[in-house]
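Here's the structure we're looking at; comments come further down.
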Amino acid sequence: MEYAIFIEIALKFLKERRDKMTREEKMKIYRRRQAVLLICIGAVLVTLIALLIIIFVSKDSEPIKSTSEASQSTVQSDESSEEIPVDGGNSNLQGSIYFKEKQITIKVGESYTAEVVNETGSGGGYIWESSNSSVATVDGGIITGQSLGSCDITVKISATDKSAQLRVYVESGDTDSEHEVIEEDGLTYIDGILIANKTYSLPADYDPGASEEALEAFSEMAADAAAEGLDIYISSGYRSYYDQERIYNNYVAQDGQEVADTYSSRPGHSDHQTGLAFDLNSIDDSFGYTPESDWVAANAHRYGFIIRFPEGKEEYTGYQYEPWHIRYLGIDKATEVYESGLSLEEFLGIDSEYKD
Ligand SMILES: [Zn+2]
């Protein structure tokens, strides 16, 4: 109550004072208030701008984890591209770290000293890691092949998220000359395997028909697949030199020779002319998305077959990925090739390229 009276008296005093003020005095007070208001607005704006700058700077310097993971997986999957720097996004270090080679092939027991290009300006210690030490080990940048297969070697600058990956393929310890090569009547057998690819050809008159042994192995495989509710069948088997000549010429007329060579063999160079190769089911990419394809990929070696043109091995086999094309090698050899993770060309240390 006393407060109310006090406020009432104060207000009355102010009102009387204001009534007594001249117009000029009132304007002076008004201007002063305006100036204070402008200063306040100015101060708020300056604070806001400062805050925005701080937010921007700190955002840049934060390591962005998802980005670094994404770029690493790109490096793994995209083998055709040139050296891709793996940028961890750490603002403390500008530039990137990468391997001079994007992939290497070494033999079992052989060592390779990794060449790292470090543009980050950091001399900090490297941390080395192998995705599969039973295939290749790494010690201070020295990579040593342990067994057939492939794995990834990762180098990381310690205390940062800067890293790079190198794909390592490990082949059999045999040197190429140690593979047994037998040439007989125009046929080439390497370690007992009859080879028909872009490098090795078969004579036009080599006309063995489909191998009985391979057909029997296939029947057994198809029966076991059927027991699991899967339907696999041969859509294209043996092809003579002249069958292949007709097919290949049609593809050349349709797509041109350069394109045709990526998926169809020139006469004399077809795996089908060996009588040991079969194309399954739809004979196209759609097969790769069926449960039958998954089953064949996981089990064919147990019956003596390999996927002749595996995914990602075009540069060795000379052909696109063909999940439907299987090749009979016998159970022992097929299992060895399957477990190596290598294409037949890599396994035997041969290439597949037309000479002209
Ligand atoms: Zn085929």
Yes or no: Gly288 surrounded by fewer than 20 Cβ atoms within 10 Å (Cβ to Cβ), under 22 Å from Tyr242 (Cβ atoms) and modelled with pLDDT of 95 or more? no
Report, by residue number, each residue of the range 207-253 that is within 16 Å of the ligand (Cβ to nearest atom), under 32 Å from the mean Cα position of the chain (by Cα) and over 16 Å from Ala300 (Cβ atoms). Ser236, Tyr248, Tyr251
Please specify each residue of the range 327-356 satisfying the condition of being closer than 23 Å to Phe218 by Cα and β-branched (Val, Ile, Thr). Ile331, Thr335, Val337
Scope the range 302-339; condition touching a Ser or Thr at 6+ places or on another chain (Cβ under 8 Å) and of a type in the set (S, T, N, Q); matching residues: Thr317, Gln320
Quick check on my filter: what residues within the range 139-185 are surrounded by 21 or more Cβ atoms within 10 Å (Cβ to Cβ), under 27 Å from Glu119 (Cα atoms) and over 18 Å from the mean Cα position of the chain (by Cα)? Ile143, Ile157, Lys162
Is it the case that Asp279 is touching a residue at least 60 places away in the same chain (Cβ under 8 Å) and closer than 21 Å to Glu345 by Cβ? no
Any residue in the range 119-138 that's outside the structural domain of Ala164 (by TED's automatic domain parsing): show its pairings with residues that are crowded, with 17+ Cβ neighbours inside 10 Å and of a type in the set (S, T, N, Q) at Cβ separation under 9 Å, as long as the two are six or more apart or on different chains. none
Pick from the range 254-269 the residues that are surrounded by fewer than 22 Cβ atoms within 10 Å (Cβ to Cβ), closer than 27 Å to Ala297 by Cβ and touching a residue at least 40 places away in the same chain (Cβ under 8 Å): which of them is nearest to the ligand (Cβ to nearest atom)? Tyr263
Exactly one of His272, His301 is within 11 Å of the ligand (Cβ to nearest atom) and assigned to a helix (DSSP H, G or I), and that residue is His272
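The values are calculated or read from the model by the stated rules, or taken from the named source; none is laboratory data. Computed from a prediction, not measured in an experiment: that's the story for all the values here. Using ideal geometry, Cβ is built from the backbone for each residue, glycine included, and neighbour counts are taken over all protein chains shown.
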